[in-house]
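The next block holds one structure in the form of structure tokens; read it before the comments.
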Amino acid sequence: MGKHEVKLPRAVFLDRDGVINRALEKQSKPYPPTSLAAFEILPEVPEACAKLKAAGFLLVVATNQPDVGRGTLKQAVVEKIHAHMTAQLPIDRVEVCYHAGQGLSKCDCRKPKPGMLLHAARELGIDLAQSWMVGDRWRDIDCGHAAGCKTIFIDRGYAEELKQKPDFSAGNLGDAADIILAHTQKLL
């Protein structure tokens, strides 16, 4: 690298439900918590986030919250959950798609589309090719691929198939952080 080259920041994009917090499972499908009381950060997450931050990564949560667009969850509840989450964890930014999905909305932000990652990259100057997307559903992996990131799939055993192969698979965010750190050099 030349003297005057500037290295853009790298990020780890994190899905929320099933990666940061425990998803509520019904019939082998994950659902988001519907209240702050039901929001439970998984035990390995604080240490994993701290290790990634120490290695120079920005941490960006990218989450679809279609229940808001469908009218079954208030946006204020999601915002309260995110305020709590960002107070507990060293997260740099939260990107949220509130659109209803299910063919009811045409947006560029709902995963598997890469809009949330592209928006965060523009806002924070992130080098997507040096960044990672960690998620527990096919939409996360497809989103990461579409944005040009490396991907890690956290397999929670849900009743749905992946559409694209992730770069790596992990048991939880702690394992994913170890994979990321093993495959990247520390920023100076």
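Each reported figure results from applying straightforward, stated rules to the coordinates on display, with no laboratory input. In this text, all values refer to a predicted model and were calculated from it rather than measured experimentally. Counting neighbours? That spans all protein chains shown, and the Cβs are built from the backbone with ideal geometry, glycine included.
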Using only helices, what value at 222 nm comes out for the chain when you add -39,500 (n - 2.57) per DSSP H run of length 4 or more and divide by the total residues, to the nearest 500 deg cm²/dmol? -9000 deg cm²/dmol
Under a 5 Å amide H to amide H cut-off, with H placed in plane at 1.01 Å, what residues pair with residue 55 once short-range neighbours are removed? none
Fluctuation leader among 104, 173, 42 - the chain, Gaussian network, Cα springs under 10 angstrom: 104
If you take Cα extents along the principal axes in Å from the coordinates, which of [x] 94, 38, 31; [y] 54, 35, 32; [z] 57, 39, 34 do you get? [y]
Estimated vicinal HN-Hα couplings, Hz - the stretch 65-70 in sequence order (Karplus 6.51, -1.76, 1.60; Gly, Pro = x): 10, x, 4, 5, x, 8
³J(HN,Hα) computed for each position of the stretch 110-120 - Karplus, 6.51 cos²θ - 1.76 cosθ + 1.60, integer Hz, glycine/proline x: 6, 4, x, 5, x, x, 5, 5, 5, 5, 4
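Please arrange 183, 99 by how many other C-beta atoms lie within 10 Å of their C-beta, fewest to most.
The most exposed by this proxy come first: 183, 99.
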Please compute the net charge surrounding residue 122, taking Lys and Arg as +1 and Asp and Glu as -1 over other residues with Cβ under 13 Å from its Cβ. -3
The chain, Gaussian network, Cα under 10 Å: of 37, 146, 23, the residue fluctuating most is 37
Return the loop-located GluC sites (Glu not before Pro) in the stretch 18-52 (DSSP other than H, G, I, E, B) with at most 15 other Cβ atoms within 10 Å of their own Cβ; answer none if there are none. 40, 44
Residue 47 versus residue 156, label points 7 Å from Cα toward the beta carbon: distance in nm? 2.1 nm
Run down the lysines and flag those whose C-alpha is under 29 Å from the C-alpha of residue 106, throwing out any fewer than 8 positions away in its chain. 26, 29, 74, 80, 150, 163, 165
Note down the nm distance, to one decimal, between modelled labels 7 Å out along Cα→Cβ at residue 181 and at residue 104. 4.2 nm
Rounded to the nearest 20 debye, what is the charge dipole size of the stretch 10-182 about its Cα centre when +1 sits on each Lys and Arg Cβ and -1 on each Asp and Glu Cβ? 460 debye
